[in-house]
1. Around A:Lys426, under 14 Å between beta carbons, what's the net of Lys plus Arg minus Asp minus Glu among the other residues?
2. Can you give me the pair-distance distribution of region A:354-460, C-alpha pairs, 5 Å bins, whole percents?
3. Once amide H atoms are built 1.01 Å from N in the peptide plane, which residues 5 or more positions from A:Gly227, or in another chain, come under 5 Å H to H?
4. Pulled fully out, how much extra length does the chain show between A:Leu160 and A:Glu396, if you take 0.36 nm times their separation in residues and subtract their Cα-Cα distance?
5. What is the distance, in nm, between label points placed 7 Å from the Cα along the Cα-to-Cβ direction at A:Asp330 and at A:Lys188?
6. Pull up the cross-link candidates among the aspartates and glutamates for A:Lys416, meaning alpha carbon to alpha carbon under 16 Å and not fewer than 8 places away within one chain.
7. Where does helix A:404-424 land angle-wise versus the long Cα axis of chain A, in degrees 0 to 90, nearest 10?
8. In chain A, what percentage of the DSSP-assigned beta bridges are antiparallel, given to the nearest 5?
Amino acid sequence: MPLRVYNTLSRQKEDFQTVTPGKVSMYLCGPTVYKPAHIGHMVGPVIFDTIKRYLTYSGYQVTWVVNITDVDDKLINRANEKGVTVDALAKEMTQDYFDNLKTMAVDGIDHFPYATQHIQEMQDIIATLIEKGFAYPLEGDVYFNCAQDADYGKLSGRSLEQLLVGTRAETHGGKRHPADFALWKGSKPGEPAWPSPWGPGRPGWHIECSAMAKKILGDSIDIHGGGLDLMFPHHENELAQSESCTGKPFARYWMHNGLMQASGASGKVGGGHDKQGDKPADLTAAKEAQEANKLAGSKGAASVKELFAKHDAETIRFFLLATHYRSPIDFSDDRIAETGKSLEGFHRLFETFERISGNSFYAISAGTSRDQSPSFSGESSPLYLELHELRRRYLESMDDDFNTGGAVGVLFDLRKTLNAYISDQKLDTANPDTSHLPPLKAGMGLLKELSSILGVFRVAKPKVKTADDATLDGLMQLVIQIRADARKNKNFAVADLIRNKLNELKITLEDRTDQTLWRRG
RNA sequence: GGCUCCGUGGCCAAGUGGCUAAGGCAACGGAUUGCAAAUCCGUCAUCGUCGGUUCGACUCCGACCGGAGCCUCCA
């Protein structure tokens, strides 16, 4: 079963075939670094990081580029508001972005090109476009000539005629078509500017991606990704420029991730308002509510760092991957909390495994390649058969347009299978018979392998041992000892009192056959 | 108005032209436990509505209802 990828260009899943066999070039539109990143900015990186992991696992050599837009109107405006230079603001926000990627375990990005460092490459493309008749200078600006591009609109499914009707924005006086967009913008006094054959100015929004993708990855790349909101006009224009410039297909597969939406904060939009059109007031209200629910550009959207204070980054990553990447995701604290609960069972299993085998789950070195991974097919224990089937289902899901939601489901099934095995074989009861251990270790190895592809359960939660923790641990051992004595004497009233009081302190006791465990939460 | 997309159990969420429609959270029953916790076993949906195509559709087509995004430099 070959890998299949949904291509926005064709609106269907296609067999995955790269420009160069065995290699994948991948470009993801990165952030404009003008304010701290919010959770929505993490969706693309997490998804494409996972895609890269899976492609690498499948034997491809992947090169992944994410650009940093460090010159832009929003950046200029915000720098002016804050009274800092564009450069300083950009640097600060770039660092914020990098910090967040690291926290989210996004570490597969190979290149971070900066727009301001590729002005020459952009100008080269613009010059070529003018030369070929696809662009024209106008009063210090340079515009792309949409009418000259025969297949303009093919990505988003629009035609120039439709754009004419739909556009209400007033046209720049000399533009030949309202849809024509700026490749180069002449600068006003005080704005960042670079010299150019068309006068001092700065690049248009779309040209940087064309230039940097071309420079680092070549004329034709395999995967171009970004948020659904970028499909038009950004990607449409990027595509038009690049293909008009090189005469070659720009990207084989256009992949767009769904957008994250805030939910819960304000009531849901719509509810029961009448059919459309009759009540302008309602419509306006609905519009406003809609705006409020949008994360993008919304001032209320919490920064990623604020979110990390409340939720574990791994939980957030898992949450993002539990839904198909093309679907919109409703974001709320409750949703994240629910995901956190669903992950507890994994951490519990890791503890159990360590108790049984003496090995840490996190120390397992699992297979990193689809081919080298054990197939389990020749083994004797019935568990191996199940492992084999689970692995097959996982790969089948991921092969189907990176269906991480289905893959996550397999992880839960694998968890249940291993817990059932432990339960059946009574492995967690100081069982001296170790003959049932190898299959369990194989299963844990598989869990490690498959979860690593999603980028979760990779490192143990840091257990910071402070003086307080040491004291607490000592205290707990004492309390547990006292309670054990009480239980031995059938003094359950005391035993239960201790446990209930500890519960109120968010400490849970777990009486096992040979010992009593405790944990917070 | 134009262009995309979506509507699966209480909530979240995979998936398929015809075997028992994944999984998670919640709930309930049972095993285990002194009682719990954890774990295991089990129960809980006919897939927005109405038509059509088909031997057969939740899955394909149409209409309608409901929701989302884009057309305004928002990932």
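Throughout, read-outs are computed from the coordinates displayed, never taken from laboratory work. Everything numeric in this text was worked out from a predicted model, so none of it was measured. Cβ placement follows ideal geometry from the backbone for every residue including glycine, while neighbour counts extend to all protein chains displayed.
1. Details: positive: A:Arg355, A:Arg512; negative: A:Asp424, A:Asp428, A:Asp433, A:Asp514.
Once all neighbours under 14 Å are counted, the net charge is -2.
2. In whole percents, the pair-distance histogram is 2, 12, 24, 24, 21, 11, 4, 1, 0, 0.
3. Answer set, sorted by chain and number: A:Asn257.
4. Details: separation 236, 0.36 × 236 = 84.96 nm, distance 4.05 nm.
Taking A:Leu160 through A:Glu396 to full extension adds about 80.9 nm, to one decimal.
5. My value for the distance between the label points is 4.3 nm.
6. In chain and number order, the partners are A:Glu344, A:Glu351, A:Glu386, A:Glu389, A:Asp424, A:Asp428.
7. Here the helix axis deviates by roughly 10 degrees.
8. Working: 21 of 43 bridges.
Antiparallel bridges: around 50 percent, rounded to the nearest 5.
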